[in-house]
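Before any comments, here is the structure.
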Amino acid sequence: MMANKLGGEGLIKELCNGFELLMDKDKGVITLDSLRKNAALLGLQDMKEDELVSMMNEGDLDRDGALTQMEFCVLMFRLSPELMEESWFWLEEALQHELDNNNNNHFSL
Ligand SMILES: [Ca+2]
């Protein structure tokens, strides 16, 4: 299977390729502006303004008005119901890792 071949990191990378196309190159995150500007690169040029806004809202887990790479990846997984169950395993592992890192950062502050 593809997931086994690539490993978790490779699979996630593959799925998140869109992030770099959509992000604001200066800020390193996806904003509504960069999404609007770059949507056509992913074939999303037909998305309406309110669809772009709701995509941002749905993906923006910490409500800072921008999508980080991790937030974008989570959104892509949620928008891709055909993805294998196995992908969820890798994503959860990556998320857990991310959360652990964040927790550690909190404690060290
Ligand atoms: Ca965010």
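Read-outs throughout are calculated quantities, based only on the coordinates presented, and are distinct from any laboratory measurement. Since the structure is predicted, the reported quantities are computational estimates derived from the model, not experimental observations. Methodologically, a virtual Cβ is constructed for each residue, glycine included, from the backbone with ideal geometry; neighbour enumeration extends over all protein chains shown.
Here is the list for region 17-48: trypsin sites (Lys or Arg not before Pro) lying in DSSP coil, each with at most 13 other C-beta atoms within 10 angstrom of its C-beta, are Lys25, Lys27, Lys48. Proximity of backbone amide H atoms, modeled 1.01 Å from N, is registered between Asp24 and Val29, Ile30, Thr31 at under 5 Å, excluding neighbours fewer than 5 places apart on the same chain.
Phi-derived couplings, Karplus 6.51 cos²θ - 1.76 cosθ + 1.60 at θ = phi - 60°, listed residue by residue for region 30-45: 8, 10, 4, 4, 5, 5, 4, 5, 9, 4, 4, 4, 9, x, 9, 5 Hz, with x used for Gly and Pro.
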